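See structure below.
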Amino acid sequence: MRIKLSDERRTLLVKALALLACLALGGPLPRGRLAAMLWSDRSEDEARRNLRQELHRLQSTPAGDWIVASTSEVALRPGIRVDVVRFHAAVAAGDFEQSLALYRGALLQDLELRGADHFMDWLAAQREALARIWRAATAGRARQLEAQGEVDGALDLIWRLLEADPLQEAHHREAMRLLHLRGDRSAALAQYERLRMLLRSELAVDPLPETVALAERIHVLHLRQALVLKELDQGLELA
């Protein structure tokens, strides 16, 4: 079944979602600030009136039981479960596995709210902050898995980081190092070549010295391994 909403109805739903997001992540907020965020294209009086109407509308929904509104501020009742808050707590506790399970991608992905430039600026900052913490948590979990001997699992997480930010050279180095650690030196060197070509085409720069040095070390080991295998083959032929 597909439900088609009018533009007005869709705007109301998005506005309600935006209001709840502000309260869930920003904590108790003064009415004036909340109104200015969500109706930044309106006068102060009109924005406050729209906020009153929106809060009244929300009172008839399940979300209404969680909203506490006084004459000066609006908040959510204690005890509500907010995944973003749980995500932050898991990262702070070093529980990267749990934090990654809680992360669902960009905050309120694809949400756009016309006439609310202040809210959209706030949302963009929230999205970037969460993405930055997710990247750190993902790298932390990769280190944990590597320490546990789960190199393939660590490498899978590095691939996710590269998918999110293909130009992040540090992630390419980690991929090279883990591929080498797994015993796949050819793949590690191929990864370096992909990085080198990507940097040249996108930024017109070369890899950093530490990346070049890592590639050279892997290349030397690759040559040594090939030489050892060749000597073994020759030994077997003589035998």
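The values are calculated or read from the model by the stated rules, or taken from the named source; none is laboratory data. Predicted model only: the values in this text are computed from it and were never measured. No Cβ is skipped: glycine too gets one built from the backbone with ideal geometry, and neighbour counts run over all protein chains shown. Note: areas computed on protein heavy atoms with side chains; ligands, DNA, RNA excluded. Shrake-Rupley method; radii C 1.70, N 1.55, O 1.52, S 1.80 Å.
Of all residues in the stretch 163-182, those that are out of contact with any helix residue (DSSP H, G or I) (no Cβ under 9 Å at 6 or more places or on another chain) and of a type in the set (A, V, I, L, M) total 0.
Please enumerate the residues belonging to the stretch 100-120 that are open to solvent by less than 90 Å² (accessible area, probe 1.4 Å), in a helix (DSSP H, G or I) and touching a residue at least 60 places away in the same chain (Cβ under 8 Å). Even if it seems obvious, please write down each step before you answer.
To start, the set of residues in the stretch 100-120 that are open to solvent by less than 90 Å² (accessible area, probe 1.4 Å) comprises 100-103, 105-108, 111, 113, 115-116, 119-120.
So of that shortlist, the ones also in a helix (DSSP H, G or I) come out as 100-102, 119-120.
Within the stretch 100-120, 119 is the sole residue that qualifies.
For (1) surrounded by fewer than 20 Cβ atoms within 10 Å (Cβ to Cβ); (2) at pLDDT below 95, each residue gets a yes or a no:
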residue: 169; (1), (2): yes, no
residue: 173; (1), (2): no, no
residue: 182; (1), (2): yes, yes
residue: 193; (1), (2): yes, no
residue: 211; (1), (2): yes, no
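Of all residues in the stretch 194-211, which are under 26 Å from residue 145 (Cα atoms) and free of Cβ contacts under 8 Å to residues at least 40 places away in the same chain?
Answer for the stretch 194-211, where residues must be under 26 Å from residue 145 (Cα atoms) and free of Cβ contacts under 8 Å to residues at least 40 places away in the same chain: 194, 195, 210.
One residue alone among 97, 146 is open to solvent by 60 Å² or more (accessible area, probe 1.4 Å), of a type in the set (Asp, Glu) and either within 25 Å of residue 52 (Cα to Cα) or outside any loop (DSSP other than H, G, I, E, B) (or both), and that residue is 97. Scanning the stretch 149-167 for residues that are farther than 19 Å from residue 208 by Cα and open to solvent by 20 Å² or more (accessible area, probe 1.4 Å) yields 149, 150, 151, 152, 153, 156, 159, 160, 163, 164.
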